[in-house]
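Let me begin by presenting the structure, written as structure tokens, before commenting on it.
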Amino acid sequence: MIVLLLALAFASLTMVVQPPPIECPLPPYQLPLLPPERASIDANGDVVVSGVETPFDLPGDLVAQSLLWSDDGEALLIEARDGFTLGVFAVQAGELKPMLDNETLLALRTEDFRDAVTLFNPAFVPGTHTVLFNTEVLSDAEGIYFELPLDLWSLDLDSGALTELLPYGEAGRFAISPDGQQIVLMDFDSIWVTDINARNPRSLYDGTVWIGVGGGVIEPAIVWDGEAAVPTLRAMLFPEFDPNAGRFDAPFAVYEFMLGAEPSSTVLFSGQTDFLMAATLSPDGYRVVEWRWNEPLNPVAVDVWITSYGDPTDEAGTIARLLTIFDVPQGVSPFVEWADETHLLFGYFLGEERVEWRIDLCGEIVPVG
């Protein structure tokens, strides 16, 4: 009896937990409610904060470009620009504080051709007023279209401390775990995790991660499981993509990574794409939706396919079904997006007009007014 109980306990620890089944009919679809703006940029490029009567006037001719709040709503990061002159500021306790000036930002990189250096992908560490960011070089030289994020910096808005966590060439695009204790980094051929101070690196995945396309890259979609006891993320990767084949119909695989003391990885499910740039991972990481031309040589109809995580004991572990077929005008670029875990938006651009429908996973289709 004891042996049986131990076996059952071990099995429960090693079994992959499945998401709850989708019940039909689904609740009525509603567009996400937009929270009231806590801060905005006015016509003069100054920053207006809710509850503060006078806008924050940035020095010189700097104009605010982007705003980012800490999760406790007590610190606001401001990035500002005037041509190739940049500045970073914070608003805390109703006061505007300069954090990084143009000279300090330029010193973060050493390239001779740089005209300015700006923050790239800034994100607050949950529960803190510390911002992690990569840098990006701005230049008026022709031929520079994008840059890979290959360094990692930390800026404490409380103390003003600026710290290099990883030098250029040793980092990648990053994501911070919901508990604020770990950083996941990725580059072309690897994904790894470190402590929040960028120490103690541990490998998560080796293989194709970023995929080069023209003058840019396709970065894998990742989502965090906000309810997991151990920080857990899911990522859609294309491990069989061959850059030498000149094809963009590689199969995908959705991996689940658990960031415990000894990180683990599991392939939840996999599927085939007709065009990997048209495949999108759901916000919970359990489904992939993709649009495909119904007849590639006659692109006037689009199929919308959904591939869902299925029974892990099944060899495929995959359930794929056709949701619907849309007729579209020739020459348009279709899109499909997740509105939430169970609702989609499909459509295309006709000139400047966005034509779209909303879809639930039971197949109901409603035009968006």
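The values are calculated or read from the model by the stated rules, or taken from the named source; none is laboratory data. The model shown is predicted, which means the values in this text are computed figures rather than measured ones. Cβ: placed from backbone, ideal geometry, glycine included. Neighbour counts: every protein chain shown.
Quick rundown of the values:
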{"quantity": "Set 337, 290: member being in contact (Cβ under 8 Å) with a residue 24 or more places away in the chain and either in contact with a helix residue (DSSP H, G or I) (Cβ under 8 Å, 6 or more places away or on another chain) or not in a strand (DSSP E or B) (or both)", "calculated": "290"}
{"quantity": "Whichever residue in segment 120-136 is more than 14 Å from the chain's Cα centre (by Cα) and among the polar types (S, T, N, Q) and, among such residues, is surrounded by the fewest Cβ atoms within 10 Å (Cβ to Cβ)", "calculated": "128"}
{"quantity": "Check on residue 67, at pLDDT 95 or above, out of contact with any Phe, Trp or Tyr (no Cβ under 6 Å at 6 or more places or on another chain) and assigned to a strand (DSSP E or B)", "calculated": "yes"}
{"quantity": "Strands (runs of 3 or more DSSP E) within segment 110-214 that include 3 or more residues hydrophobic (A, V, I, L, M, F, W, C)", "calculated": "116-124, 130-138, 152-156, 162-166, 173-176, 182-186, 190-195"}
{"quantity": "Residue 246 vs. criteria at positive phi and at pLDDT 90 or above", "calculated": "no"}
{"quantity": "Residues (outside any strand (DSSP E or B) and either acidic (Asp, Glu) or modelled with pLDDT of 90 or more (or both)) located in segment 252-272", "calculated": "259, 262, 263"}
{"quantity": "Cβ-Cβ under 8 Å pairs, at least 6 apart or on other chains, segment 194-206 side touching a residue at least 60 places away in the same chain (Cβ under 8 Å) and farther than 25 Å from residue 267 by Cβ, far side in a strand (DSSP E or B) and β-branched (Val, Ile, Thr)", "calculated": "196/176; 196/183"}
{"quantity": "Residue satisfying condition, being modelled with pLDDT of 95 or more, closer than 28 Å to residue 88 by Cα and of a type in the set (A, V, I, L, M), within set 152, 148", "calculated": "152"}
{"quantity": "Among residues of segment 71-96, those that are modelled with pLDDT of 95 or more and of a type in the set (Gly, Ala, Ser), counted", "calculated": "4"}
{"quantity": "Residue tally, condition outside any strand (DSSP E or B), surrounded by fewer than 11 Cβ atoms within 10 Å (Cβ to Cβ) and modelled with pLDDT of 85 or more, over segment 301-332", "calculated": "3"}
{"quantity": "Selection within segment 215-227 - in a strand (DSSP E or B) and under 20 Å from residue 192 (Cβ atoms)", "calculated": "217, 218, 222, 223, 224"}
{"quantity": "Hits in segment 38-50 - residues which are surrounded by fewer than 16 Cβ atoms within 10 Å (Cβ to Cβ) and either in contact with a Cys (Cβ under 8 Å, 6 or more places away or on another chain) or not in a loop (DSSP other than H, G, I, E, B) (or both)", "calculated": "40"}
{"quantity": "Single match in 79, 53 (criterion: acidic (Asp, Glu), surrounded by fewer than 19 Cβ atoms within 10 Å (Cβ to Cβ) and either without any contact (Cβ under 8 Å) to a residue 60 or more places away in the chain or outside any loop (DSSP other than H, G, I, E, B) (or both))", "calculated": "53"}
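To keep it simple, each residue is scored yes or no on (1) in contact with an Asp or Glu (Cβ under 8 Å, 6 or more places away or on another chain); (2) at pLDDT 95 or above.
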residue	(1), (2)
181	yes, yes
185	no, yes
193	no, yes
197	no, yes
209	yes, no
216	no, no
220	no, no
225	yes, no
233	yes, yes
